[in-house]
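These notes concern the structure reproduced below.
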């Protein structure tokens, strides 16, 4: 298996562990100020990270190395988030999807 793919945390019975790892539970990670970096910079850094370990043309690997720009784990990669706080990653995906749906409904209603 590729080192670029997340290793999902599991409990002894094989179920996915949705809680935080010890590292994630230690506190927040604030590697950046409140200002988000431009998407071009984030992509460039992610591709550079993947280039060190694998194939930068693999979109899944590059997306995993994108750095969170907001939230509790700001400054960590998406891959790190999947490996250390899977429940938060699931909530975040749900929340972003919900916001997208609400914006679509709002746009449709305003037309």
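Here are the numbers:
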quantity	calculated
Filter pass, residue 7 being touching a residue at least 60 places away in the same chain (Cβ under 8 Å), within 16 Å of the chain's Cα centre (by Cα) and surrounded by 10 or more Cβ atoms within 10 Å (Cβ to Cβ)	yes
Qualifying positions in the range 74-111 - more than 9 Å from the chain's Cα centre (by Cα) and crowded, with 18+ Cβ neighbours inside 10 Å	83, 84, 85, 86, 88
Residue tally, condition in contact (Cβ under 8 Å) with a residue 24 or more places away in the chain and within 17 Å of residue 67 (Cα to Cα), over the range 82-111	7
Residue list for the range 10-40, filter: modelled with pLDDT under 90, more than 15 Å from residue 68 (Cβ to Cβ) and surrounded by 10 or more Cβ atoms within 10 Å (Cβ to Cβ)	25
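The values are calculated or read from the model by the stated rules, or taken from the named source; none is laboratory data. Keep in mind it's a predicted model, so treat the numbers as computed, not measured. As a convention, Cβ positions derive from the backbone with ideal geometry for all residues, glycine included, and neighbour counts pool all protein chains shown.
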